[in-house]
Amino acid sequence: MDGLILAGGKSMRMGGRHKGDLVYRNHTFIEHIIREFKKETEVILISYGKEIHREYEGCKTLTDIYSDCGPIGGLHAGCSHLRPPICRPSALPEEGDSESVMVAACDMPFLEIDLYRFLKREMEREEYRRSHPVDGVVPIADGRIHPLAAIYRKRAGAVFKEQIVAGEYRLAKALKRLDILYVDILENVEMCGMLRNINTIREYERL
């Protein structure tokens, strides 16, 4: 799997401070996610909106192809850059030479790689049962889906683009067009805690 960090939000409820650059336990939120992702991959992309706020060593950054679309714009940009592998005579892998991508919003400082390893196992188990691949796996906690802490097949980028071109930016609408495996993690308290995000100045002060 490859990694994609979505960092294109405007951080309006954070007083204009970019949430990915907020510090928790001596690391920015993005640095923490990078550290976790590197336990599974060396290919990590940071997707911003219109403007790149900060470069991180060992990661590639890009801006949205379609701006002002919300998270679906970052998902499309990332999937478009991290193209699925193609048949080639060489057995040597190229950058982004993977069918799937781990996705994380930059305002989730508690995410750990164990969540993605669990989701990957569930996805593989379901695909074995069905004998065909799904388009992604999304966790559910307390009845709420968390599509920005999930795994997607990169081919889903085509649906994200279609939604954007049609002027429909709601990610939930795009997911309905995809074959998504939803996994309820409510009974796993530790993983549920990983899904907590920090949206406001007050939440950050409490943190």
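Please enumerate the residues belonging to the range 172-187 that are in contact with a Leu (Cβ under 9 Å, 6 or more places away or on another chain) and either modelled with pLDDT under 95 or among the β-branched types (Val, Ile, Thr) (or both).
Within the range 172-187, VAL183, ILE185 qualify.
Of all residues in the range 135-150, count the ones that are out of contact with any Lys or Arg (no Cβ under 9 Å at 6 or more places or on another chain) and either in a strand (DSSP E or B) or at pLDDT 95 or above (or both).
Residues flagged as out of contact with any Lys or Arg (no Cβ under 9 Å at 6 or more places or on another chain) and either in a strand (DSSP E or B) or at pLDDT 95 or above (or both) within the range 135-150 amount to 11.
Within the range 145-199, which residues are surrounded by 20 or more Cβ atoms within 10 Å (Cβ to Cβ) and of a type in the set (Gly, Ala, Ser)?
Once the filter is applied, which keeps residues that are surrounded by 20 or more Cβ atoms within 10 Å (Cβ to Cβ) and of a type in the set (Gly, Ala, Ser), the range 145-199 yields ALA149, ALA150, ALA156, GLY157, ALA174.
Out of curiosity, is GLY58 in a loop (DSSP other than H, G, I, E, B) and within 19 Å of MET102 (Cα to Cα)?
Numbers: in a loop (DSSP other than H, G, I, E, B): yes; within 19 Å of MET102 (Cα to Cα): yes.
For GLY58, the condition - in a loop (DSSP other than H, G, I, E, B) and within 19 Å of MET102 (Cα to Cα) - is met.
Write out, first by first residue and then by second, each pair whose Cβ atoms fall under 8 Å of each other, whose residues are 6+ apart or on separate chains, and whose first residue, in the range 188-207, is of a type in the set (Phe, Trp, Tyr) while the second is assigned to a loop (DSSP other than H, G, I, E, B) and surrounded by 14 or more Cβ atoms within 10 Å (Cβ to Cβ).
From residues that are of a type in the set (Phe, Trp, Tyr), the pairs are TYR204/LEU22; TYR204/ILE198.
Quick check: anything in the range 177-196 closer than 18 Å to LEU4 by Cα, assigned to a loop (DSSP other than H, G, I, E, B), touching a His at 6+ places or on another chain (Cβ under 8 Å) and not basic (Lys, Arg)?
Within the range 177-196, one or more residues are closer than 18 Å to LEU4 by Cα, assigned to a loop (DSSP other than H, G, I, E, B), touching a His at 6+ places or on another chain (Cβ under 8 Å) and not basic (Lys, Arg).
Give me the residue from the range 1-55 that is of a type in the set (A, V, I, L, M, F, W, C) and part of a loop (DSSP other than H, G, I, E, B) and, out of that set, surrounded by the fewest Cβ atoms within 10 Å (Cβ to Cβ). I'd like the intermediate steps shown before the answer.
The initial filter retains those residues of the range 1-55 that are of a type in the set (A, V, I, L, M, F, W, C), namely 1, 4-7, 12, 14, 22-23, 29-30, 33-34, 37, 43-46, 52.
Of the ones still in play, those that are also part of a loop (DSSP other than H, G, I, E, B) are 1, 7, 22, 43, 52.
On the way: MET1: 18, ALA7: 27, LEU22: 19, VAL43: 22, ILE52: 14.
Out of the qualifying residues, it is ILE52.
The values are calculated or read from the model by the stated rules, or taken from the named source; none is laboratory data. Quantities reported herein were computed from a predicted structural model and do not represent experimental measurements. Backbone-built Cβ (ideal geometry, glycine too); neighbour counts: all protein chains shown.
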